[in-house]
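K.L.:
Input: one structure, supplied below.
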Amino acid sequence: MVKRWLALAFLIGCALGTGPSAGGAPAPATDNPPMPVHYRVDTTTRVAKLGSDLVVGPGRLDGQFVIVPGSNPLRVEITGDLALPPADSYFVAFSFMPATATITVTSTAPVESVLLNGTLTATTRLTFALSNTKVHGVPLAVGPNCRTDEVAIVQSGPFTSPLSTGTISGAFVIPPFHHCGVTENLDPLFTGLVSGPGNTLRTMLTFLCGGTATCEER
């Protein structure tokens, strides 16, 4: 932890133009290159209509951060590419019908985050896809393209620095499903079962490496 604080202090000094440069003079405020950062990502989504949790992960967020020169209070912008593995889910449809499915959460754009006053606010754009769906153990032919439209999810939570670990959370609406069903249109079924407001997302970002230190392949 001490090393992380020292590294961050050095980066802040460079961003503000007070850190050492090659010639011993203060570094110019404009000389502020992005620094790499990598996190492990573990998420839990509460699907309101189903009354069940979906655990996804561990995944990865690989990106970079920039300390905005001259910002007061200090502002750090973090961007990165999010990758999450498919997750198997179990739920009870219509309060009596057991069902299983593989849910793939796909990031459709880089994650955009701002760290300000000890709070990290992150915007993630996602789609949700269904596959390997079974009802009472019987496969349901949903096809290869059963998914929702894109949704933007905003999460926030306490965060010490871009070189730290923390948890962020937020609420979102699951959009309607499209292109579901091979022999019949299953869009209304999945939209009625799953889509709607009141869903929550909790994401733990575990710092792996970044900053001035060289990141080993993980």
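K.L.:
Out of all the residues in segment 198-214, is one or more among the charged types (D, E, K, R), outside any loop (DSSP other than H, G, I, E, B) and at pLDDT below 95? Talk me through it step by step, then tell me what you get.
P.N.:
Step one: of segment 198-214, the residues among the charged types (D, E, K, R) are 202.
In the following step, the residues that additionally are outside any loop (DSSP other than H, G, I, E, B) were identified as 202.
Of the ones still in play, those that are also at pLDDT below 95 are none.
There is no residue in segment 198-214 that is among the charged types (D, E, K, R), outside any loop (DSSP other than H, G, I, E, B) and at pLDDT below 95.
K.L.:
Which ones in segment 78-131 are assigned to a loop (DSSP other than H, G, I, E, B) and touching a Ser or Thr at 6+ places or on another chain (Cβ under 9 Å)? Step through it out loud before you land on a result.
P.N.:
Residues of segment 78-131 assigned to a loop (DSSP other than H, G, I, E, B): 84-86, 94-96, 108-110, 117-118.
Hits for segment 78-131 are LEU84, PRO85, PRO86, THR108, ALA109, PRO110, GLY118.
K.L.:
Exactly one condition in (1) closer than 20 Å to THR167 by Cα; (2) surrounded by 13 or more Cβ atoms within 10 Å (Cβ to Cβ); (3) without any contact (Cβ under 8 Å) to a residue 40 or more places away in the chain is not met by THR133; state its number.
P.N.:
(1)
K.L.:
For segment 176-197, give me each residue that is closer than 14 Å to SER131 by Cβ and surrounded by fewer than 17 Cβ atoms within 10 Å (Cβ to Cβ).
P.N.:
Across segment 176-197, the qualifying residues are HIS179, VAL182.
For (1) within 12 Å of the chain's Cα centre (by Cα); (2) surrounded by 13 or more Cβ atoms within 10 Å (Cβ to Cβ); (3) of a type in the set (A, V, I, L, M, F, W, C), each residue gets a yes or a no:
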position: VAL55; (1), (2), (3): no, no, yes
position: ARG75; (1), (2), (3): no, yes, no
position: LEU84; (1), (2), (3): yes, yes, yes
position: THR100; (1), (2), (3): no, yes, no
position: ARG125; (1), (2), (3): yes, yes, no
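K.L.:
Do we have ALA141 as in a loop (DSSP other than H, G, I, E, B), small (Gly, Ala, Ser) and more than 18 Å from GLN64 (Cα to Cα) here? Working first, answer last.
P.N.:
Values: in a loop (DSSP other than H, G, I, E, B): yes; small (Gly, Ala, Ser): yes; more than 18 Å from GLN64 (Cα to Cα): yes.
Yes.
K.L.:
A further question on this structure: So, LEU54, is that one closer than 21 Å to CYS146 by Cα, aliphatic (A, V, I, L, M) and in a strand (DSSP E or B) or not? Walk me through it before giving the result.
P.N.:
Details: closer than 21 Å to CYS146 by Cα: yes; aliphatic (A, V, I, L, M): yes; in a strand (DSSP E or B): yes.
Yes: the conditions hold for LEU54.
K.L.:
Oh, and also: Within segment 152-168, is there a residue that is small (Gly, Ala, Ser), over 18 Å from the mean Cα position of the chain (by Cα) and surrounded by 15 or more Cβ atoms within 10 Å (Cβ to Cβ)?
P.N.:
Keep residues of segment 152-168 that are small (Gly, Ala, Ser), which gives 152, 156-157, 161, 164, 166.
So of that shortlist, the ones also over 18 Å from the mean Cα position of the chain (by Cα) come out as none.
The answer is no; no qualifying residue exists.
The values are calculated or read from the model by the stated rules, or taken from the named source; none is laboratory data. Quantities reported herein were computed from a predicted structural model and do not represent experimental measurements. Here Cβ is always computed from backbone atoms with ideal geometry, including for glycine, and neighbour counts include all displayed protein chains.
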